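The next block holds one structure in the form of structure tokens; read it before the comments.
The values are calculated or read from the model by the stated rules, or taken from the named source; none is laboratory data. Every value quoted in this text rests on a predicted model; they were computed, and no experiment measured them. Please note: Cβ atoms are built from the backbone with ideal geometry, for glycine as well, and neighbour counts cover all protein chains shown. For accessibility, only protein heavy atoms count, side chains too; no ligands or nucleic acids. Shrake-Rupley method; radii C 1.70, N 1.55, O 1.52, S 1.80 Å.
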Amino acid sequence: MPEPKPSPAVPIKGGNFLIVGGASLVGSATAEAMLKGEAASVVVLDNFSQGTPEALRHIEGDPRLRVVSGDILRLAQVMDAMDGVDGVVHLAAMMTIAFDSDPRRGIDVNVIGAQNVIEACRLKKIRKLVFASSNAVYGYGPGVVGDLVEATPFHTAGAPPAAILYGASKIIGEQLCRDAYRRHGLNYVVLRYSTVYGERQHYRAANAVLIMDAHDRVRGGQPPRVVGDGSETKHFVYVGDVARANIAALEATATDVAVNLSGPAPTTTGEIARLVIELSGAKMQPQYVEPEAGKVRLTSGGAWRIDHALAEKTIGWRPQVDMREGIRRLIVWRDAQGR
Ligand SMILES: NC(=O)c1ccc[n+]([C@@H]2O[C@H](COP(=O)([O-])OP(=O)(O)OC[C@H]3O[C@@H](n4cnc5c(N)ncnc54)[C@H](O)[C@@H]3O)[C@@H](O)[C@H]2O)c1
């Protein structure tokens, strides 16, 4: 008789987890949420090429947390970090701006690195992998308008190469997961995050940097700059909601599926600037400017939104924090850092 397949549901309470690329925005919130959810242990593997130990300062000292310095391009290091682990969240990646400065490195980390993590999961019999993908799999440019659902195709015409290379690398990562499920039965859930923002925000994401730049300028007494007329659509998701989704994906019985994660509603570049001004307690108007030559911008064909109904159906997740509250929390965190 064949052995019954273990359930793809991996409860956080009492479980052991590895967060690959966890010393950053999403990883730090996910590790914190897992510890709060009574995980037995959480290992964070990172090569600190972009992330920093400071990102984990708020949870350091918790005896269940172990931070390991290692590189996903080295299979043995990834496998070592998986000893005794039940579930893995794979976050290590290069985003669009990094692809713009070093495409070769982007391909290495996002494709070969992802395959190493998937291979290690298979060899170590990990019960479930959560793979961080992106709404970049829908592409950018004039073809991107309206509701983006999981079946929406990849638009490339008229978009910057770095954004398309990044999106394509995430599509490859997703398909490597599907392939490992098909060949070896590796349980996985792909989460296509929209732009993540919140506490421990960095400057590496082409959209969230709009919030950071606006806040830096307001703090310096200058109006935030908005490219164009401020009507460009953006769709963000708060980092605490993303951490909850990573956990929901592990705990759900769902497997072999890709779902969108997005905040309650899309916003515009003008609205972001106005919210930052208001929530910083400043009185000024945004300054509308022409695009800066050579800077990667992620533009679309008009108004659009990322639909997250499938996430609710498959992993029981829906966003809780809207832009006003999320930006407020980000500003409170930055102020507490003395910036
Ligand atoms: N931040 C966003 O807006 C956003 C949006 C959509 C998808 N995502 C995806 O979510 C994930 C996490 O996002 P984030 O903002 O926390 O990412 P990040 O880029 O800040 O963090 C990735 C982490 O991976 C580490 N890393 C990079 N190369 C590595 C390697 N070779 N070996 C080991 N570690 C390595 C970095 O040091 C960093 O700490 C990424 O996969 C990203 O593509 C992020």
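Key figures
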{"quantity": "Residues (within 12 Å of the ligand (Cβ to nearest atom) and in contact with a strand residue (DSSP E or B) (Cβ under 9 Å, 6 or more places away or on another chain)) located in segment 30-50", "calculated": "Thr30, Ala31, Val44, Leu45, Asp46, Asn47, Phe48"}
{"quantity": "Scan of segment 84-110 for residues that are outside any helix (DSSP H, G or I) and without any contact (Cβ under 8 Å) to a residue 12 or more places away in the chain, ordered by number", "calculated": "Asp102"}
{"quantity": "Segment 258-295: number of residues that are outside any loop (DSSP other than H, G, I, E, B), open to solvent by 30 Å² or more (accessible area, probe 1.4 Å) and in contact (Cβ under 8 Å) with a residue 24 or more places away in the chain", "calculated": "6"}
{"quantity": "Residue check, Arg178 under 22 Å from the mean Cα position of the chain (by Cα), open to solvent by 40 Å² or more (accessible area, probe 1.4 Å) and under 27 Å from Phe154 (Cα atoms)", "calculated": "yes"}
{"quantity": "So Thr253, is it hydroxyl-bearing (Ser, Thr, Tyr) and assigned to a helix (DSSP H, G or I)", "calculated": "no"}
{"quantity": "Filtered residue count, segment 111-141, keeping only those that are in contact with a His (Cβ under 8 Å, 6 or more places away or on another chain) and either assigned to a loop (DSSP other than H, G, I, E, B) or open to solvent by 40 Å² or more (accessible area, probe 1.4 Å) (or both)", "calculated": "2"}
{"quantity": "Residues being more than 15 Å from Ala303 (Cβ to Cβ), out of contact with any Gly (no Cβ under 6 Å at 6 or more places or on another chain) and in contact (Cβ under 8 Å) with a residue 12 or more places away in the chain - total across segment 138-151", "calculated": "2"}
{"quantity": "Boolean, Gly221 is open to solvent by 40 Å² or more (accessible area, probe 1.4 Å) and either in contact (Cβ under 8 Å) with a residue 12 or more places away in the chain or out of contact with any Cys (no Cβ under 8 Å at 6 or more places or on another chain) (or both)", "calculated": "yes"}
{"quantity": "Residue selected from segment 42-76 under the condition closer than 25 Å to Lys13 by Cα and of a type in the set (Lys, Arg), by the criterion least open to solvent (accessible area, probe 1.4 Å)", "calculated": "Arg64"}
{"quantity": "Matching option when the condition is at pLDDT below 95, farther than 30 Å from Arg329 by Cα, open to solvent by 30 Å² or more (accessible area, probe 1.4 Å) and of a type outside the set (Gly, Ala, Ser), among Pro153, Pro160, Pro103", "calculated": "Pro160"}
